[in-house]
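Enquirer: First the structure, which I've put down as structure tokens, then a few questions once you've had a look.
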Amino acid sequence: MPELPEVETVMRGLAARLQGRVLTQVEVRRADLRWLLPPGLAARLTGARVIGFRRRGKYFFVRLDGGDSLLVHLGMSGRMGVAPAPPSLAAPALPVAHEHLVAMTNDGWRVSFVDPRRFGCLDLVRTDAEDTHRLLAGMGPEPLEPAFTQAILSAALAHKRTPIKAALLDQSVVAGLGNIYVCESLFAARISPRRLASSVAGARAARLVPAIRTTLAAAIAAGGSSLRDYRQASGELGYFQHAWKVYGREAEPCELCPGPPACAGIRRIVQSGRSTFFCARVQR
């Protein structure tokens with residue numbers, strides 16, 4: 001599933017083409033994705049001007065001039081595409097499978113939402129009620145915003161009796177992190193994914209907060225990580241997978257270690273049904 005850097009990258013790509021544009025034609029090609037789509041979605045979007053964008057965790061909003069926001073979640077396989085528009089919605093330049101929503105702008109761009117597995121979602125919410133949407137209510141702080149501090153993270157972890165890896169995947173602790181960036185951030189902070197979350201509060205949290213920020217910022221700068229379906233709105237792949245230190249690198253050398261016999265390399269374990277990658281020598 002796309003994590004914060006991938007969602008941020010997609011949103012920025014859309015903003016570059018859609019900010020200030022009017023959606024002149026909109027077509028919805030099915031009634032549901034993961035959940036039912038709002039009734040009359042195409043009609044409610046047609047004629048609206050895009051006035052802004054906002055990301056919250058792994059979701060983002062397209063804000064419209066009528067006071068509504070289109071909530072978008074990419075799910076497991078969803079992606080947004082932006083390309084020069086063909087003459088009409090009914091005659092795309094190249095047919096695209098699993099294209100569930102298509103929109104045309106007043107200055108000649110074609111925007112589409114493609115989701116083969118249909119685990120994504122689209123919804124309409126009043127802009128002034130974005131944070132109370134059922135999918136976002138209770139979400140933790142944004143890790144790239146000033147409100148995400150050592151003190152805030154320490155308080156969230158203080159009484160958690162789960163491994164720190166599981167705690168960081170909890171969206172009520174911090175928003176937007178997933179398996180890849182938790183593994184990478186814990187390596188950057190030199191913290192074992194098996195460590196009890198409550199023991200990270202304090203000095204270790206002081207290392208973890210900047211490690212999370214730095215990891216996410218680097219991933220965004222690289223356009224995210226491309227695994228399976230993820231692409232940027234332009235259609236380009238992300239490149240951060242080439243900078244992974246531990247994720248997906250089982251048995252490969254740790255860049256901080258001298259090698260055998262001191263260190264056997266990156267290890268993979270399973271936690272809560274998810275693969276975790278780490279260096280047992282570096283991360284304590």
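Enquirer: Out of curiosity, is Gly138 in the same structural domain as Leu23 (by TED's automatic domain parsing), loosely packed, with under 15 Cβ neighbours inside 10 Å and free of Cβ contacts under 8 Å to residues at least 40 places away in the same chain?
Expert: So Gly138 fails the test.
Enquirer: Shifting gears a bit: Are any residues in the stretch 52-76 under 30 Å from Ile212 (Cα atoms) and surrounded by fewer than 17 Cβ atoms within 10 Å (Cβ to Cβ), and if so, which ones? Explain how you work it out, then say what you get.
Expert: Kept after step one, since they are under 30 Å from Ile212 (Cα atoms), are these residues of the stretch 52-76: 52-63, 69-76.
Of everything in the stretch 52-76, those that are under 30 Å from Ile212 (Cα atoms) and surrounded by fewer than 17 Cβ atoms within 10 Å (Cβ to Cβ) turn out to be Gly52, Arg54, Met76.
Enquirer: So if I check each of Leu169, Leu196, Leu186, which one is in contact with a strand residue (DSSP E or B) (Cβ under 9 Å, 6 or more places away or on another chain), of a type in the set (A, V, I, L, M, F, W, C) and without any contact (Cβ under 8 Å) to a residue 40 or more places away in the chain?
Expert: Working: Leu169 fails: without any contact (Cβ under 8 Å) to a residue 40 or more places away in the chain; Leu186 fails: without any contact (Cβ under 8 Å) to a residue 40 or more places away in the chain.
Leu196 is the lone residue from the list that is in contact with a strand residue (DSSP E or B) (Cβ under 9 Å, 6 or more places away or on another chain), of a type in the set (A, V, I, L, M, F, W, C) and without any contact (Cβ under 8 Å) to a residue 40 or more places away in the chain.
Enquirer: Filter the stretch 1-38 down to the residues that are crowded, with 20+ Cβ neighbours inside 10 Å and part of a strand (DSSP E or B) and list them by number.
Expert: Result: Leu23, single match.
Enquirer: What number of residues in the stretch 250-284 are touching a residue at least 24 places away in the same chain (Cβ under 8 Å), outside any strand (DSSP E or B) and in contact with a strand residue (DSSP E or B) (Cβ under 6 Å, 6 or more places away or on another chain)?
Expert: Within the stretch 250-284, the first condition is being touching a residue at least 24 places away in the same chain (Cβ under 8 Å), and the residues that meet it are 250, 254, 256-257, 269, 271-272, 274-284.
Now narrow it down to the ones that are outside any strand (DSSP E or B): 250, 254, 256-257, 272, 279-284.
Still in the running and in contact with a strand residue (DSSP E or B) (Cβ under 6 Å, 6 or more places away or on another chain): 250, 280.
Count: 2.
Enquirer: Now for a different question. Identify, please: which residue in the stretch 223-248 is at pLDDT 65 or above, among the hydrophobic types (A, V, I, L, M, F, W, C) and in a loop (DSSP other than H, G, I, E, B) and is, among those, surrounded by the most Cβ atoms within 10 Å (Cβ to Cβ)? Even if it seems obvious, please write down each step before you answer.
Expert: To start, the set of residues in the stretch 223-248 that are at pLDDT 65 or above comprises 223-226, 236, 238-248.
Keeping just the survivors that are among the hydrophobic types (A, V, I, L, M, F, W, C) gives 240, 243-244, 246.
Imposing the further condition that a residue be in a loop (DSSP other than H, G, I, E, B) reduces the set to 244, 246.
Working: Trp244: 18, Val246: 26.
Here the answer is Val246.
The values are calculated or read from the model by the stated rules, or taken from the named source; none is laboratory data. All values reported here derive from a predicted model rather than from experimental measurement. Neighbour counts are summed over all protein chains in view; Cβ atoms, including those assigned to glycine, are modelled from backbone coordinates with ideal geometry.
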